[in-house]
Structures are given as C-alpha cells and as structure tokens.
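The values are calculated or read from the model by the stated rules, or taken from the named source; none is laboratory data. Fair warning: this is a prediction, and the values are worked out from it, not measured in the lab. We place every Cβ from the backbone using ideal geometry, glycine too, and count neighbours over all the protein chains shown.
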Amino acid sequence: MKELKTKDIRKELIRKYNDNEFRIIGNDTQESRTIEIQNARFLADHDWIIRKPNYEYFDRELQWYLNQSLNVNDIPGDTPMMWKACADKDGYINSNYGWCVFSSDNGNQYKSCLNKFLDDQHTREAIMIYNRPNMQTEYNKNGMHDFMCCQNVQYFINERDDKKYVDAIVNFRSNDAVFGYCNDYLWNVYILEMLAMDLSNMTHEDIQAGQIHWNAGSLHVYERHFKFLIKE
C-alpha cells in the first residue's frame, strides 16, 4: 500500500473542513469543534502540515528540552500560553521531551535505545518510551493538565541503495496538526540525527538519519485554528 505524505494529510484536513466534518469536544458548558483524523499514518516528509514552524521558538524550546527542566518558567524568553495552560500553579509539567529521553528518572531512554543497536543492528527493541502508566493519574497532579502526547518512538536500521539508515516510527496519542506537529517533527529530526551520528561514531560505519513515519491516534485542528485552513 502506498504511504501517505504530509501533503495528503493536509488535503484531507482541508476536505473535512470544507465538508463540515467536525468532531465536537469538551462538555455541555464548553464545547468546541475540531477537524480530526483518527489513526493518522503517513511519511513525515515535511516539517509542517498546516502552518510553517517558528524556528526561533523551536530553538528556545530545544534549549529547554536539553536542560531537562520540568518547569515551563525555564523556557528561554517568554513562556508560551500553551505551556502555561498545561502547567500546575508552580509551573511544572510532564512533557519535557528532553527529560523523557535523557533523564535517568525516566530510564535513560536514549542511552538504552543506542545500546540496543550496538548489541544488535537488527533489533526490534530500539525504542524510546516517553509515556508511562501512571500518566493516568499524574496528568492533573497539583492542578496541571498535561497528559503526555508522545507515546514512544521505535527505531530500525535499514539498508537502501547500499547505504545504512536509521529510520523512526513515531507514535502519538494526540497531535495538534497546526502548531504541535511542527515542533514535534523538528525534535524528532534532532534526535534521529543525534542517534545516527552516535551510531556512526561508535560502530565506525556510515549510518545516516533516514525517514520518519508518523502515527497519531488523533491528528487534529482546533476551532481556534480554523483560520489557517484555506477553503478550496
């Protein structure tokens, strides 16, 4: 079966908008509409679906990720309202993805994944696990609302055209197609390139960063972002 690409996903979201295929979220006192693709699967061949990334902001978010701070007040510059809305009263959240993959408190996911490949380049166990079972109760601890969106990323070393590539399969619980995807994609490119470089240096082989295959249980556009969808 031919794999969809980002342009195909964009066309489908716009089609749903044009055809008024809305999904209602919220409750009786505060409902809103979304455009949603459930079980979205595609080749992430571009860094945007609906709106191009703010690269300056991503650089700031990346610094925060690499600092592994779980407090949004440590994001360099102004803290985005999105992060403030997720955080508890003291600014703490769950979803610092740098903490998720590099921290010993979350099982040294990056190191574990790298070591799996060093032991066996054909492994199916090279996975960085972001989410955890106790997210069911910790998502609203101390007044926060931050249920981790990324579940895990699985990696494979594959050969194409006599070259070795490390490819990624990204699995999301929930993914905002307008702003979230852009930053999530750039983060996954950063990690994929780091993993390829470390593997090359440690195995003395040329292993390049390869493809990113994207899976999202819910890929959506919120009603407040409908203005970014162009009617055709």
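Looking at region 168-186, can you tell me whether even one residue there is more than 17 Å from the chain's Cα centre (by Cα) and in contact (Cβ under 8 Å) with a residue 12 or more places away in the chain?
Restricting attention to region 168-186, the residues satisfying the condition of being more than 17 Å from the chain's Cα centre (by Cα) are none.
The answer is no, given that none of the residues of region 168-186 is more than 17 Å from the chain's Cα centre (by Cα) and in contact (Cβ under 8 Å) with a residue 12 or more places away in the chain.
For the structure I just gave you, tell me whether Gly91 is in contact with an Asp or Glu (Cβ under 7 Å, 6 or more places away or on another chain), of a type in the set (Gly, Ala, Ser), within 23 Å of Asp176 (Cα to Cα) and surrounded by fewer than 20 Cβ atoms within 10 Å (Cβ to Cβ).
Taking the combined requirement at face value, the residue does not satisfy it.
In region 51-74, how many residues are closer than 15 Å to Val101 by Cβ and polar (S, T, N, Q)? Before the answer, list the steps.
So the first thing to find is which residues in region 51-74 are closer than 15 Å to Val101 by Cβ, and the list is 61-62, 64-70.
Applying the additional criterion that residues be polar (S, T, N, Q) yields 67-69.
The qualifying residues number 3.
Please find, among Asn39, Asn27, Asn106, the residue that is under 20 Å from the mean Cα position of the chain (by Cα) and either at pLDDT below 95 or within 20 Å of Met128 (Cβ to Cβ) (or both).
Asn106
Ile191 is checked against (1) within 22 Å of Tyr65 (Cα to Cα); (2) loosely packed, with under 15 Cβ neighbours inside 10 Å and fails just one. What number does that condition carry?
Unmet condition: (2).
Kindly indicate whether any position in region 21-41 is loosely packed, with under 14 Cβ neighbours inside 10 Å, of a type in the set (A, V, I, L, M) and free of Cβ contacts under 8 Å to residues at least 60 places away in the same chain.
yes
Does Arg33 meet the test of being of a type outside the set (Val, Ile, Thr) and part of a strand (DSSP E or B)?
Here the answer is yes, as Arg33 does meet what is asked.
In region 1-24, what residues are aliphatic (A, V, I, L, M) and modelled with pLDDT of 95 or more?
Scanning region 1-24 gives Leu4, Ile9, Leu13, Ile14.
Just for region 111-126: of the residues that are surrounded by fewer than 18 Cβ atoms within 10 Å (Cβ to Cβ) and touching a residue at least 24 places away in the same chain (Cβ under 8 Å), which one is nearest to the chain's Cα centre (by Cα)?
Result: Arg124.
Do you know which of the residues in region 133-166 that are surrounded by 14 or more Cβ atoms within 10 Å (Cβ to Cβ) and among the hydroxyl-bearing types (Ser, Thr, Tyr) is farthest from Gln121 (Cα to Cα)?
Per the stated criteria, the residue is Tyr139.
For region 52-74, enumerate the residues that are assigned to a helix (DSSP H, G or I) and among the hydrophobic types (A, V, I, L, M, F, W, C).
Phe58, Leu62, Trp64, Leu66, Val72
Take Ile169 and decide whether it is of a type outside the set (Lys, Arg) and crowded, with 17+ Cβ neighbours inside 10 Å.
Considered against the rule, which asks whether it is of a type outside the set (Lys, Arg) and crowded, with 17+ Cβ neighbours inside 10 Å, Ile169 comes out as no.
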